[in-house]
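So the structure is just underneath, and the comments pick up after that.
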Amino acid sequence: MGNALDIEGMRFGRLIAIKPTDKRSGNGGIIWECKCDCGNKAYVSASTLKFTQKSCGCLMKEKMMKANTTHGKSYNKLYRIWVSLKSRCLNEKSIQYCDYGGRGIKVCGEWIDDFMNFYKWAIGNGYKNNLTIDRIDNDGNYEPSNCRWVNRKVQGNNRRNNHYITIDGETKTLQEWGEHVGMKPNTILCRIRKGWSNKDAIFTPLLKVRK
């Protein structure tokens, strides 16, 4: 196992690395069996132990309980957003982890342990109930300089897997081109996959296809 034994017996917050297992994380890292100070076992990759996870989950629960008693905003939508963004960056069991924490996306130190810091930033930077948090650079972290509040349409256009098309020097997302010509993005994409040029796929009216 090469360097797998290097962290055996080492402490990471409340976790002590006991032994490597045969399991692997999404990026191929060794999953370690760990013992938490609370008595529970946890199975965590070495990289996650070194950089993020510091307990079996009990630490976050305690912090959440403490937060509930100090700021009284545990039922606030912003609180749910804060918990959710931390989960997708820190919790390997989250279905969204592979697209966030698994890609190296982190939550800044200013926000990770202090909901009120996040709350004050959100209120002071345009938060409204109909908006969602969006990272300007999709490869960047959750931090004040890289986050904004946008509607779902803007967020959809900012997805890292969005399809960008340039025609005559003008670049738009697939969604934006569809709105520009009044056509469903899936119709344009289907045409392109059939071998149409980008320009024909976007600007050929549907009626001509039906003929």
Condition met for Met10 (loosely packed, with under 15 Cβ neighbours inside 10 Å, over 22 Å from Ser94 (Cβ atoms) and at pLDDT 90 or above): yes
Count of the range 87-105 residues which are farther than 14 Å from Phe51 by Cβ, of a type in the set (Lys, Arg) and surrounded by 13 or more Cβ atoms within 10 Å (Cβ to Cβ): 1
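Looking only at the range 124-144, which residues are over 19 Å from Ile105 (Cα atoms) and without any contact (Cβ under 8 Å) to a residue 12 or more places away in the chain? Full working, then the answer.
As a first pass, look at the range 124-144 and keep what is over 19 Å from Ile105 (Cα atoms): 124-131.
Once the filter is applied, which keeps residues that are over 19 Å from Ile105 (Cα atoms) and without any contact (Cβ under 8 Å) to a residue 12 or more places away in the chain, the range 124-144 yields only Gly124.
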Residue ID - nearest to Lys61 (Cα to Cα), chosen from residues in the range 106-121 that are surrounded by 20 or more Cβ atoms within 10 Å (Cβ to Cβ) and more than 16 Å from the chain's Cα centre (by Cα): Phe115
Residues that are among the basic types (Lys, Arg) and in a strand (DSSP E or B), drawn from the range 12-46: Lys19, Lys23, Arg24, Lys35, Lys41
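The values are calculated or read from the model by the stated rules, or taken from the named source; none is laboratory data. Keep in mind that this is a model prediction, so the values were computed, not measured. Positions of Cβ are backbone-derived with ideal geometry, glycine not excepted, and every protein chain shown enters the neighbour counts.
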